[in-house]
Amino acid sequence: PEDTVTSSFASFIHGARPEHLSQTVRQRSKRMILDSIGVGLVGSTTRVFDIALRYCRELYSSVAVSSVYGKPGVKLSPTLAAFTNGVATHSMDFDDTWHPATHPSGAVLPALLAASQMLPPNTKPTGLDFLLAFNVGLEVQGRLMHFSTEAHDIPKRFHPPSVVGTLGSAAAAAKLLSLSSAQCCHALGIAASLAGAPMANAATQAKPLHVGNATRLGLEAALLAARGMEANPLILDDIPGCSGFSAFYSVYQPKPLSTPGQHHEFLLEKQDIAFKRFPAHLGMHWVVDAALSVRNLFINYAGSFSPSLIRSILLKIPVSKYINRPFPSSEHQARHSFQFNTCAALLDGEVGLGSFSESSIQRQELRELLDKVVVEHPEDNVANFDKMYGEVALLLHSGDVLTGKCDTFYGHWRKPLSKESLLKKFRSNASHVLPEEKTEALITLVDNLENLSDSSQL
C-alpha cells in the first residue's frame, strides 16, 4: 500500500543519498563510528564476549568471511560476526546513548562491518555508502523512538536497542545491500518479528546479548527480504485491533518519514549523541560528576578525603528501579548502581575500567561507604536523560553539609566530548588489543571515510 507510515519509511531507506547528509551529520556520525569501534575493541577482552564467541565458534559451521573485534585471524559468518561484535560493543555498557534512550551505534555498526566483508569484491560499498547506511540506521531508530511518549523516559518494559535497534540494523543493512523499496518494507516487518528483550535482564550478562541480537537479527531480516521473504507491509502503522510495532510501546502515534532531500533534516543534525567517559549506565554519569564535585569540596574542607568524617551520604536521583542498587555484587550490577558509582567516585576520585573488577567491588572501605547512602527521589528529578540531574550531599559528623550537583555531565549531547577527549578514549580502548600503529591507522581511516573506496577495509 502507498501513503502509509511503513511505506514512507521504506521509501526513505531506499531514497536516501550521500548528498542528503550534512557536514554536521557526517562529522557526528564519524565520531560515533570511531567511539563504537574502540568500545568494541576493549569489549573483546570481557568474559561475556568470550562466552558469545565460543558459542558461535563451537555450535555453528559457517562461511567465515567477517572479522571479529580484537581477534586477529578469527572470522565468522556475517550474521554471527555481527552478533559477536554487538555483544562486545555493549559488554561494558560503554557505548553511546541517544534520547529518547537507546544505544544506536552498537545495533547498526557491527551489521554493516560484517556485510561489507560479505559482499563480492566488485560490489564492495564505498566509505560514503557505508556512512549513508549507518545514518539511515540511526534515523530509523530515532524516528521510531518518537512514536511513543513512553519511550521518552528511562524504559520499564523493553530494552530499547533490542526493539528500535533491530529495525535500525535492518534499515541500515537494507540500504547497504541496495534493496528495493518493497524489500526495505519487508525487512522492517521481518525485523519486528525478531525484536524485543525485557528490562529485567539489565545488569546481567544477558544484557549485551540485546545489542548483539539487534545487529545480527536486523542483518538477517535484510538478507531474508533480499531473498524474497515478505512481511506485513503495515508493520509501523497503527492498525486498530492488530498490533504491529505498537506492541512494544503504549500511546503509539506513528508519523510518516519525509522523503530525504531538502525537506528532511536528520535527527543527528538536531541533537548530538552522548559518549560515555567510563563504562557504566548513562545515568551513572550524573551522580559521578556530582560526587567528584563534592569530593573536591570535602578535600578543601578537611585537607584530604576521610570517610570517617562522613555520617551519611544523601543521593538525590530519579525513580528508576533497575539502576537503584544499594549493594551490587557483580560487575554488571555495579555498572547499573547509582549508589556504587557515587561511592567509587568519592573513594577513588575517578571511575574507570578497573572500578568494576571484583576486587574493587568487594573492598571493605567501599562497602562501608555504601552503608552510609540514603536515597531520595525529588519530584522534579524525572527519569529522563534530557531532564534528570544527580545530587550528592555529604552530611558530616560535625553537622556541616557539603553538596555537589550535576545537571549536564561532560559527554552529554548538551556538553559533548571534545575531539581530544574522544580520541583519548578511543586510543585507551583500542590499546587493549591493537598496536599503536593500527590504532592510529583506524583513526585516519574513519576520519577519511567518505574517500574510502572499499569500506570492508574497516
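The values are calculated or read from the model by the stated rules, or taken from the named source; none is laboratory data. For clarity, every value in this text was computed on a predicted model and none was experimentally measured. Cβ: placed from backbone, ideal geometry, glycine included. Neighbour counts: every protein chain shown. Note: accessible area is taken over every heavy atom of the protein model, side chains too, but ligands, DNA and RNA are not part of it. Shrake-Rupley method; radii C 1.70, N 1.55, O 1.52, S 1.80 Å.
What the table below lists for this structure:
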read-out: From 421, 398, 428, residue being part of a helix (DSSP H, G or I) and under 30 Å from residue 316 (Cα atoms); value: 421
read-out: Residue list for the stretch 358-369, restricted to those being part of a helix (DSSP H, G or I) and within 28 Å of the chain's Cα centre (by Cα); value: 358, 359, 360, 361
read-out: Filter result for residue 26 (among the basic types (Lys, Arg), within 22 Å of the chain's Cα centre (by Cα), under 21 Å from residue 174 (Cα atoms) and in the same structural domain as residue 423 (by the TED database)); value: yes
read-out: Matching residues in the stretch 387-422 - criterion: being among the hydrophobic types (A, V, I, L, M, F, W, C) and open to solvent by 30 Å² or more (accessible area, probe 1.4 Å); value: 395, 401
read-out: Residue count for the stretch 349-367, restricted to those that are under 19 Å from residue 305 (Cβ atoms) and either open to solvent by less than 90 Å² (accessible area, probe 1.4 Å) or among the hydrophobic types (A, V, I, L, M, F, W, C) (or both); value: 10
read-out: Residue in the stretch 102-142 that is modelled with the lowest pLDDT, counting only those that are surrounded by fewer than 24 Cβ atoms within 10 Å (Cβ to Cβ) and not in a helix (DSSP H, G or I); value: 120
read-out: Residues of the stretch 316-357 satisfying the condition of being in a helix (DSSP H, G or I) and among the aromatic types (Phe, Trp, Tyr); value: 322, 338, 340, 356
read-out: Test: residue in the stretch 433-447 that is surrounded by 14 or more Cβ atoms within 10 Å (Cβ to Cβ), polar (S, T, N, Q), free of Cβ contacts under 8 Å to residues at least 60 places away in the same chain and assigned to a helix (DSSP H, G or I); value: yes
read-out: Residues (over 16 Å from residue 208 (Cβ atoms) and open to solvent by less than 50 Å² (accessible area, probe 1.4 Å)) located in the stretch 145-162; value: 145, 147, 148, 151, 154, 155
read-out: Failed item, numbered, when residue 210 is tested on (1) open to solvent by 20 Å² or more (accessible area, probe 1.4 Å); (2) of a type outside the set (Lys, Arg); (3) within 18 Å of the chain's Cα centre (by Cα); value: (1)
read-out: Among the candidates 306, 258, 293, 250, residue that is more than 30 Å from residue 25 (Cα to Cα) and not assigned by the TED database to the domain that holds residue 386; value: 250
read-out: Pairs, first within 17 Å of residue 332 (Cα to Cα) in the stretch 184-209, second polar (S, T, N, Q) and part of a loop (DSSP other than H, G, I, E, B), C-beta under 6 Å, six or more apart; value: 208/91
